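Working notes, structure below.
The values are calculated or read from the model by the stated rules, or taken from the named source; none is laboratory data. Since this is a predicted model, take the numbers as computed values, not measurements. In this analysis, Cβ positions are derived from the backbone assuming ideal geometry, glycine residues included, and neighbour counts consider all displayed protein chains. To get the accessible areas, we keep the full protein, side chains included, count just its heavy atoms, and leave off ligands, DNA and RNA. Shrake-Rupley method; radii C 1.70, N 1.55, O 1.52, S 1.80 Å.
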Amino acid sequence: MAQNLTWMRWLKVLSFYRMGNLVLLGLSYCISRWFKKSFHCGLPYHVSFEPTTACNLGCPECPSGLKQFTRATGKLSLEHHERWLKSMAPHLIYVTYYFQGEPFLHPQFLALVSEAKKYRLFTATSTNAHFIDERNAAAVVQSGLDQLIISVDGVTQEVYEQYRVQGNLEKVWTATKALVEAKKRLKSSTPQLIFQCLAVKPNEAQIPDIFLKAKEFGVDEVRIKSAQLYDFENGHPLMPDNDDYRRYRLGKNGKFSLKNPGGNRCWRMWTGCVITWDGKIVPCCFDKDALHSLGSLQAEDFKEVWSSDSYRQFRNSILTNRSQIDICQNCSEGSKVWL
């Protein structure tokens, strides 16, 4: 039932222009792959806006949690967001309000979502759920947010906090109960609630229990995501024992390598991008430190950046030598398990 409702919400945001744009994106991607040279027409159907780089947790494989960014920290201004979104909304279908940081630390986070809903866009975010409770759960539902991913990396505090350092699992349960109750009270099918578990060695034995918790609370879906580890060749303390949960494969040489390197292609480079809180346009969510910034909305029009020589050159490098691009060497495409 939840999946059917999700598809219905997707259909509601489509228009003839947006569907035509999707066709152009698909054709240009296929032509580029065939000729191994970047050809692009159409505009992205998906963008991620970064509400803030701030985070209350200290997760060990996250630059935001470790406070190890080289770029400036801050939060997305409502004025910039309104202007940037307005220029892109006609061709967009889907907006994610998440990149680095905890979105609900942005003091006007729900205003960002409400602005996107004015343009009939599908909206989603991912949260550690420490800032949602009975006091604001109804506001989250009323904002129109379509999808809310809640990080649940264990069902006991002892296990949970081994990755979600400084986290409080009881707050996650409180937030979940409050959201489910608010949806019922307001007779709303949104947001779709998803428990997402980052599979690591400390929590892999509890993954079946996460499904039980989801059922107990009335959560719509559970997703298991493989962990991105920065130093994995010789193994890693967080790497799961269960191969099904690992992003990496053990080779005959005793070294680990990425299971799904993907080859010289990437659909995301033709269909979406990430916009940092201060307007930098970066290729995807793996460029956490915005080292491959291709332009800035502070000084340039989005369409100019999207069709610029620098973007075209980056797409060409994807088509010819993707394995040499640092942000592509740990890419999770094909490394998620949705259950």
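Some notes on this structure:
- Residues satisfying the stated conditions in the stretch 112-121, i.e. under 18 Å from K183 (Cβ atoms) and surrounded by fewer than 23 Cβ atoms within 10 Å (Cβ to Cβ): S114, K117
- Residues of the stretch 113-134 classified as out of contact with any strand residue (DSSP E or B) (no Cβ under 6 Å at 6 or more places or on another chain) and more than 21 Å from L57 (Cβ to Cβ), total: 7
- Candidate set from the stretch 92-111 (those that are polar (S, T, N, Q) and without any contact (Cβ under 8 Å) to a residue 60 or more places away in the chain); member that is surrounded by the most Cβ atoms within 10 Å (Cβ to Cβ): T96
- A214 vs. criteria in contact with a Leu (Cβ under 9 Å, 6 or more places away or on another chain), open to solvent by less than 10 Å² (accessible area, probe 1.4 Å), modelled with pLDDT of 95 or more and small (G, A, S): yes
- Meets criteria (closer than 30 Å to S32 by Cα, polar (S, T, N, Q) and in contact with a Cys (Cβ under 9 Å, 6 or more places away or on another chain)) for N203: no
- Listed conditions (1) of a type outside the set (A, V, I, L, M, F, W, C); (2) without any contact (Cβ under 8 Å) to a residue 24 or more places away in the chain; (3) over 18 Å from D287 (Cβ atoms) are all met by Q68, apart from (3).
- Selection of the stretch 172-210 for residues being within 20 Å of the chain's Cα centre (by Cα) and part of a loop (DSSP other than H, G, I, E, B) yields T190, P191, V200.
- Single residue of the stretch 46-83 satisfying the filter (among the hydroxyl-bearing types (S, T, Y) and surrounded by fewer than 19 Cβ atoms within 10 Å (Cβ to Cβ)) that is nearest to I318 (Cα to Cα): T70
- Test for N234: is it in contact with a helix residue (DSSP H, G or I) (Cβ under 7 Å, 6 or more places away or on another chain) and open to solvent by 30 Å² or more (accessible area, probe 1.4 Å): no
- Pairs where the first residue, in the stretch 238-267, is open to solvent by less than 40 Å² (accessible area, probe 1.4 Å) and the second is of a type in the set (V, I, T), C-beta under 7 Å, 6+ apart: L238/V200; P240/V200; C266/I318
Let's see how each residue does on (1) out of contact with any His (no Cβ under 9 Å at 6 or more places or on another chain); (2) of a type outside the set (G, A, S); (3) surrounded by 16 or more Cβ atoms within 10 Å (Cβ to Cβ); (4) closer than 21 Å to W10 by Cβ:
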| position | (1), (2), (3), (4) |
| --- | --- |
| L186 | yes, yes, no, no |
| P202 | yes, yes, yes, no |
| A205 | yes, no, no, no |
| I210 | yes, yes, yes, no |
